[in-house]
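The values are calculated or read from the model by the stated rules, or taken from the named source; none is laboratory data. Just so you know, these numbers come straight off a predicted model, no measurement behind them. Don't worry about glycine lacking a Cβ; one is built from the backbone with ideal geometry, like all the others, and counts go over all protein chains shown.
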Amino acid sequence: MRTISELGFAVPDILIPQKGTDLEKWAVIACDQYTSEPEYWKKAEEKAGDAPSALNLVLPEVYLGKEEEAKKLESIAKTAPEYLNSGILQSLGTGFILTDRATSLHPSRKGLMAAIDLEGYSFEPGNKNICRATEGTVLSRIPPRIRIRANSPLELPHIMILIDDPNGITIEKAFEMAKAEGIEPLYDTDLMLGSGHITGTFIPDGSAIAESIVDGLAALKAANSDGLLFLVGDGNHSLASAKAHWENIREGLSEDEKKDHPARFALAEIVNIHDKGLDFEPIHRVIFNISGDEFIAKAKEYFKDSGLELNGDTNGKQCFTVVCEGNADVTVSLANPPHTLAVGSVQVMIDALGLECDYIHGEDSVRNLATAGNTGILLPAISKDTFFGTVEKEGVFPRKTFSMGEAFEKRFYLEAKKIVK
């Protein structure tokens, strides 16, 4: 691994499944997806079967707080070293992987596998680090992931890091150079349960393409007087957990050991926010054990000083939609909202009233869950064109503000990296 501390990242030693592994059974979607749909994860288990699979190395959050959680944590602690020691996971050597993801919605979304220096990352609001969180962190979600890291020699990332590269001088340029050199993909596979296709091309450290990537990132950092280079797009809690784990073990290390310890660096996929295959989708809410009428009554009371109107003129107002079974959708507009974003206004109400809530990707999933006794809240998307500037000015967004793409477009666990010496 080569550390480039001034840019807050490293060129990692990436592990991938050995040749001959069925990658469609190996790769599995991010653990924080389909958190209220256990049937999805049952289908994933059926698809993977007894084959080597990343599903055996991660804890789907649908199982948090349930009987399965302890069993799966125990299984991960056993399986990770088995996969590593038996050669199921093998090292590529130091280098990058250029990823290209296709789904039914977009033919291409390009990415770059690298390692983020956790010393340069912070999820504290208002920080000026080179790598920053984009939304509030739910601290209660960190401990289960720390337990996985503390008992495993490996990490598998669903973290996606954003860069603001409107001219495509980093990732896009690297793809052009790889195509010109005729480099063949390292892997090329469909993804399970209708989630599209992905290819990955290995770029060894020291090559002209690798140096071009480093130069591109350096130029982006130099162009930003605020010192910002990386924003966390997806996997904020995974990166926060990696940071917490690193801080736990850092105290027992010498200064030399701290410089290049593998736990200091978190494997992630870097994506250009301007990539045409990257959509910003809102993360909606489902409120449990409350009907739509009850929710609207509470909203009228809570937002009584915010100019609330139902199904009225929305021009120039902040809006969200209430969904409940058997009734037409209701558009709620606020003339004087308590937060600059609709998601913030809704979230402060949820928190203030102590409502039971889940964060849902995709309108269809919200409508499926908004059955009798539950209420769905559909929220508008935020603009990615002003995304970096908003974080620089305002700090983090409210937690669970946005999602990059629909649920089935989320990053799949495929690559891995050691986090122990």
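Restricting the stretch 49-69 to residues that are more than 22 Å from the chain's Cα centre (by Cα) and at pLDDT 95 or above leaves a set whose member that is surrounded by the fewest Cβ atoms within 10 Å (Cβ to Cβ) is Asp50. Condition check for His284 on (1) crowded, with 17+ Cβ neighbours inside 10 Å; (2) more than 30 Å from Cys357 (Cα to Cα): one failure, at (2).
When you look at Ala268, is it at pLDDT 95 or above and not assigned by TED's automatic domain parsing to the domain that holds Leu23, yes or no? Answer is no for this residue.
If you go through the stretch 88-133 one residue at a time, how many are free of Cβ contacts under 8 Å to residues at least 40 places away in the same chain and crowded, with 24+ Cβ neighbours inside 10 Å? The number of residues fulfilling the criteria is 0. Among the residues of the stretch 31-48, the one identified as modelled with pLDDT of 95 or more and under 19 Å from Leu89 (Cβ atoms) is Ala48. I'm checking my understanding of the structure. Among residues of the stretch 375-420 that are over 13 Å from the mean Cα position of the chain (by Cα), β-branched (Val, Ile, Thr) and under 20 Å from Asn272 (Cα atoms), which one is surrounded by the most Cβ atoms within 10 Å (Cβ to Cβ)? By that ranking, first place goes to Val396. Of all the criteria given as (1) farther than 22 Å from Val138 by Cβ; (2) modelled with pLDDT of 95 or more; (3) among the hydrophobic types (A, V, I, L, M, F, W, C), the one not satisfied by Leu231 is (1). Quick one: is Gly216 assigned by TED's automatic domain parsing to the domain that holds Arg250 and not in a loop (DSSP other than H, G, I, E, B)? Considered against the rule, which asks whether it is assigned by TED's automatic domain parsing to the domain that holds Arg250 and not in a loop (DSSP other than H, G, I, E, B), Gly216 comes out as yes. When the stretch 54-87 is filtered for residues that are outside any helix (DSSP H, G or I) and either touching a residue at least 60 places away in the same chain (Cβ under 8 Å) or out of contact with any Asp or Glu (no Cβ under 9 Å at 6 or more places or on another chain) (or both), the ones remaining, listed by number, are Leu57, Val58, Leu59, Leu64, Gly65, Lys66, Ser86, Gly87. Between Asp260, Asp275, Asp305, Asp205, the distinction of being without any contact (Cβ under 8 Å) to a residue 40 or more places away in the chain and surrounded by fewer than 23 Cβ atoms within 10 Å (Cβ to Cβ) belongs to Asp305 only. The lone criterion from (1) in contact (Cβ under 8 Å) with a residue 60 or more places away in the chain; (2) exposed (fewer than 13 other Cβ atoms within 10 Å of the Cβ); (3) farther than 20 Å from Glu356 by Cβ left unmet by Cys319 is number (2). Checking each residue in the stretch 207-249 for being under 27 Å from Lys400 (Cα atoms) and β-branched (Val, Ile, Thr) picks out only Val232.
Does the stretch 401-418 contain any residue that is modelled with pLDDT of 90 or more, among the aliphatic types (A, V, I, L, M) and in contact with a Phe, Trp or Tyr (Cβ under 8 Å, 6 or more places away or on another chain)? There is at least one residue in the stretch 401-418 that is modelled with pLDDT of 90 or more, among the aliphatic types (A, V, I, L, M) and in contact with a Phe, Trp or Tyr (Cβ under 8 Å, 6 or more places away or on another chain).
In the stretch 29-45, is there at least one residue being crowded, with 20+ Cβ neighbours inside 10 Å, of a type in the set (Ser, Thr, Tyr), part of a loop (DSSP other than H, G, I, E, B) and on the phi > 0 side of the Ramachandran plot? The answer is yes, given that some residue of the stretch 29-45 is crowded, with 20+ Cβ neighbours inside 10 Å, of a type in the set (Ser, Thr, Tyr), part of a loop (DSSP other than H, G, I, E, B) and on the phi > 0 side of the Ramachandran plot. Could you say whether any residue in the stretch 135-156 is modelled with pLDDT of 90 or more, surrounded by fewer than 20 Cβ atoms within 10 Å (Cβ to Cβ), in contact with a Phe, Trp or Tyr (Cβ under 7 Å, 6 or more places away or on another chain) and not in a strand (DSSP E or B)? No, there is no match, as no residue in the stretch 135-156 is modelled with pLDDT of 90 or more, surrounded by fewer than 20 Cβ atoms within 10 Å (Cβ to Cβ), in contact with a Phe, Trp or Tyr (Cβ under 7 Å, 6 or more places away or on another chain) and not in a strand (DSSP E or B). Taken together, the criteria place Thr331 among residues that are of a type in the set (S, T, N, Q), touching a strand residue (DSSP E or B) at 6+ places or on another chain (Cβ under 6 Å) and either under 15 Å from Ile290 (Cβ atoms) or surrounded by 15 or more Cβ atoms within 10 Å (Cβ to Cβ) (or both).
Does Gly200 meet the test of being more than 21 Å from Phe388 (Cβ to Cβ), within 23 Å of the chain's Cα centre (by Cα) and buried (at least 17 other Cβ atoms within 10 Å of the Cβ)? For Gly200, the condition - more than 21 Å from Phe388 (Cβ to Cβ), within 23 Å of the chain's Cα centre (by Cα) and buried (at least 17 other Cβ atoms within 10 Å of the Cβ) - is met. Mind checking whether some residue in the stretch 3-10 is in contact (Cβ under 8 Å) with a residue 60 or more places away in the chain, assigned to a helix (DSSP H, G or I) and touching an Asp or Glu at 6+ places or on another chain (Cβ under 9 Å)? Within the stretch 3-10, one or more residues are in contact (Cβ under 8 Å) with a residue 60 or more places away in the chain, assigned to a helix (DSSP H, G or I) and touching an Asp or Glu at 6+ places or on another chain (Cβ under 9 Å).
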